[in-house]
Each structure stands twice: as C-alpha cells, then as structure tokens.
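Colleague: Structure incoming, see below.
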Ligand SMILES: Cc1cc2nc3c(=O)[nH]c(=O)nc-3n(C[C@H](O)[C@H](O)[C@H](O)COP(=O)(O)OP(=O)(O)OC[C@H]3O[C@@H](n4cnc5c(N)ncnc54)[C@H](O)[C@@H]3O)c2cc1C
C-alpha cells in the first residue's frame, strides 16, 4: 500500500486546503452555535464544487468529480477540520448523490443529481424513526398504494440536513410489507429542527409525512430492497463519518499544540512539561491510527472490494479516538478549554456526536465481530459470511 498521494491528488488537496483556510474558515466561527441558514449554505456549497467536493464514486461522464475515493476522504478531513456544519451538509449531499447514482431511475438522476453536484440543491436521507434506530429494517412509515402512486404517513427523526434539504430520500414500507426508497420534494413534508449537544450549525431535524402523495415515479429502483440498499450505503457513509472524526480531532490537536507552545507556567511553555507532552503524543498517535484506518477503508471501497469490516473499524475507532483527543485538548487549555470564547469546547461537543449516527459504536463492534466469527449477536438477514478482518491490511 502506498502512503503518498500522487502529484495530481496532492495538487487538488493543496488547492482545496488553501481555499478552505483562506476563504471558508473565516465564516465558520459564527456557526458553531447557530445553524447555517439555507441560502448561506447553498452559497458555501457552490463554492466547494470546483474543488471536487461532490460526485465521489460517480463516474465523470455521469457528473462525478473524477477524484478517487481516498482523495475525496482526505479532502473531507480538511473540510471537517475547518467548518463542521458545511462539511456535514456536503457529506450528506454526497451520500444522497451516491444513493441516486446507485438506485435512482434515469428520470430521478436527471432531475435531482445535477443540482446536488453543483451545490444548488441539498438532499437528505431519512431512515431513522422514533421506534427504529439501530435496526432500520424495523421502520414503520407507511406507503399505501393509491392512484398510480403512494400515500405516505409517518415520522422520521434525527435527519441530517432535514430542515434545509430541498428533497428527501425516505425509507418506507409498502403494502406488501417490503421496504422501498422514495424521493419526496420539500413541499411533501414538514420539518422541525432538533437541538443537539454539538455540530449545532448542521441541521438535524424531525420530518413529518402526513398523507403525502407521491407518484410511482418517485420510487427508486430495487423494489423491496430499500433496507438492504440503506445498509449497503453504510460502508461509504462510515468512511465519511470516520473522516469527520479525523477532521474534528485534527482541529483539536492543532489548537492544543498551538496553545501548549504559547502558554507559560513555571517560567516555560506548558508544552515543555512532560505530562503535556505525553498527552500530545497520545493525541497524535491516536489521530494517525484513526486516519490510517480511514484511508484503508476508503482505499478498499475505491478498489471495489468488500469493506464493511474495515469501514466499521474506521468509524468505531476514529469516533471514539476523536472524543479522547478533543477531551485532552480541553485539558491542555485549562479553564480556557471550557470557555465559549474558544472553539476547543465545541470540538469536544462535536466529537461526542460522532459515535451515534451511521451505526453506533456498539453496532460497529457487533459488525466487526460478526464478520470475524461468522455469527451475529443481533438479528440481521445480511449476516453470516465470515470475512478475515485483516485481509486487506
Ligand atoms: C447527529 C445525528 C445525525 C443523524 N443523521 C441521520 C440521518 O441523516 N438519517 C437517518 O436516517 N438517521 C440519522 N441519525 C439517526 C442515527 O442513525 C441513529 O440515532 C442511530 O442509528 C442509533 O439509533 P437510536 O438513536 O434510535 O438508538 P438505539 O438504536 O435506540 O440505541 C440505543 C443504545 O442501544 C445500543 N444498542 C442498540 N442495539 C444494540 C444491540 N443489538 N447490541 C448492543 N447495543 C445496542 C446503541 O448502541 C445505543 O447505545 C442521526 C443521528 C444523529 C445523532
């Protein structure tokens, strides 16, 4: 395995990083506590498009970015480091675009994909319901057949981008008891923003579908396989979630290193005290472990290999490591680390968010162990085939 990006990828990463640090970072601070308004978000997303932030895993002839997945994951590390709310919204757009590319009809792709790839449109994906979290196969939202389409009734919760999205891909249950994915435009549901501990600039919402009618043309391909498609997409989503953790931890480590160099106690920089050095060393080592696991998972995805174990390892380790790293960054800052005057406390709150969505830490552990043992600790029709965990290392 090559640990270097080639010259082309390096140039893309360097150009994007310079743009993010110079043009995007100055806007981030005001959205640590408050949601980025929809119009502002559209403008920010549009500014990212030329750098290849959209259309990962979509062929160039279909509008894709032309970047390989590992480079894309590396770009998102920088974006999450600089502006988590914008990065989160863009990441969900990526997943919506990927879902459309994989399972959309030609008409759906024509209608929804181009806007996603330019930042003109925002999408969201809604599987989770009040009674169906870790197991999306339990969803209840009804799609009753009616007049050449479906009448939708149900509630989706904790939906990223939910209140600012222009459309939603929802996982629903049709009359035959099967799960299907359907695309619903924004006027087909109401949205209520949900307040969360961290990542406060990024919309997380409850969506209410109250007898919404959609045509048969809104159903995505793969009738009856909606839950399987959702689970399949998790491998890609977990690579992004892992890079979210890496980017958040990077911000925390960078801040801690700067502070440890400049803050003096006992007549010298605190960075010269051995116990501070121990914390910095642990933070840097854990960050690199998280990053390497993330790159490996992305590299396997881009090579078309089965990577569910590796994506779960990356998401599990990176999200838990980000929390430890951000907590140490707070510690290194002393009382200032707890203050709202600095962003450090927000890195800690943001990091705490990451071990829940896209499969909780416990679910990642269960997937890793299931694939190693060939037996599941949870009911899962997709379980069973043992996969040697270290195969691609
Ligand atoms: C910020 C954020 C953004 C999100 N974005 C989206 C989105 O865009 N779209 C979407 O559809 N959903 C989204 N979600 C929902 C997310 O996918 C769920 O919250 C997650 O799957 C967990 O479901 P739950 O919260 O209902 O917890 P539960 O499933 O009720 O789990 C509660 C606890 O039990 C544990 N647990 C559950 N099952 C097992 C088991 N078999 N063995 C051991 N422990 C178990 C869990 O690990 C957890 O600790 C988001 C959530 C958050 C917090």
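Laboratory data are not the source of any read-out in this text; all were calculated from the coordinates shown. Note that the structure is a prediction, hence the values are computed from the model and not measured. Note: ideal-geometry Cβ built from the backbone for every residue, glycine included; neighbour counts use all protein chains shown.
Colleague: At 25 °C and 0.890 mPa s, grab the translational diffusion coefficient of the stretch 7-121 from Stokes-Einstein with a Kirkwood Rh over Cα pairs, rounded to a whole number in µm² per second. Kindly include the intermediate steps, with their values, before the conclusion.
Modeller: On the way: Rh = 14.3 Å.
Reported coefficient: 171 µm²/s.
Colleague: Convex hull volume of the Cα atoms in the chain, per residue, in Å³?
Modeller: Per residue, the Cα convex hull of the chain comes to 137 Å³.
Colleague: Pick from 247, 334, 198 the residue whose mean-square fluctuation is largest in a GNM of the chain, springs joining Cα atoms under 10 Å.
Modeller: 334
Colleague: Using mean Cβ contacts within 10 Å as the protection proxy, how do 74-87, 150-163, 51-64 order, highest first?
Modeller: 74-87, 150-163, 51-64
Colleague: Between the alpha-carbon centers of the stretch 238-271 and the stretch 19-86, tell me the distance in whole angstrom.
Modeller: Here the two parts' Cα centres lie 22 Å apart.
Colleague: Something else now. Only bridges with both residues in the stretch 138-221 count here: give the DSSP antiparallel percent, nearest 5.
Modeller: Roughly 95 percent of the DSSP beta bridges within the stretch 138-221 come out antiparallel.
Colleague: Another question, then. What order do you get for 91, 240 when you list them from fewest to most C-beta neighbours inside 10 Å?
Modeller: Numbers: 91 25, 240 28.
Final ranking by Cβ density, sparse to dense: 91, 240.
Colleague: What translational diffusion coefficient, to the nearest whole µm²/s, does the stretch 227-373 have by Stokes-Einstein, given a Kirkwood radius computed over alpha-carbon pairs, a temperature of 25 °C and 0.890 mPa s viscosity?
Modeller: So the translational diffusion coefficient is about 154 µm²/s.
Colleague: Would you order 8, 243 from fewest to most other beta-carbon atoms within 10 Å of each residue's own beta-carbon?
Modeller: Working: 8 12, 243 31.
The order, fewest Cβ neighbours first, is 8, 243.
Colleague: Something else now. Mean 1/r over all different Cα pairs, inverted: what Kirkwood radius does the stretch 93-149 give, in Å?
Modeller: Across the stretch 93-149, the inverse of the average 1/r is 13.3 Å.
Colleague: Please compute one quarter of the surface area of the Cα convex hull for the stretch 124-224 and express it in square nanometres.
Modeller: Orientation-averaged projected area of the Cα hull: 6.2 nm².
Colleague: Please identify, among 191, 242, 127, the residue showing maximal mean-square fluctuation in a Gaussian network model of the chain using a 10 angstrom Cα cutoff.
Modeller: Among 191, 242, 127, the largest mean-square fluctuation in the Gaussian network model of the chain belongs to 191.
Colleague: Per DSSP H run of n ≥ 4, the term is -39500 (n - 2.57); total these for the chain, divide by its residue number, and report the mean residue ellipticity at 222 nm rounded to 500 deg cm²/dmol.
Modeller: Per the formula, -16000 deg cm²/dmol.
Colleague: With 10 angstrom as the radius, rank 32, 291, 10 by how many other C-beta atoms surround their C-beta, starting from the fewest.
Modeller: Exposure proxy ranking, most exposed first: 10, 32, 291.
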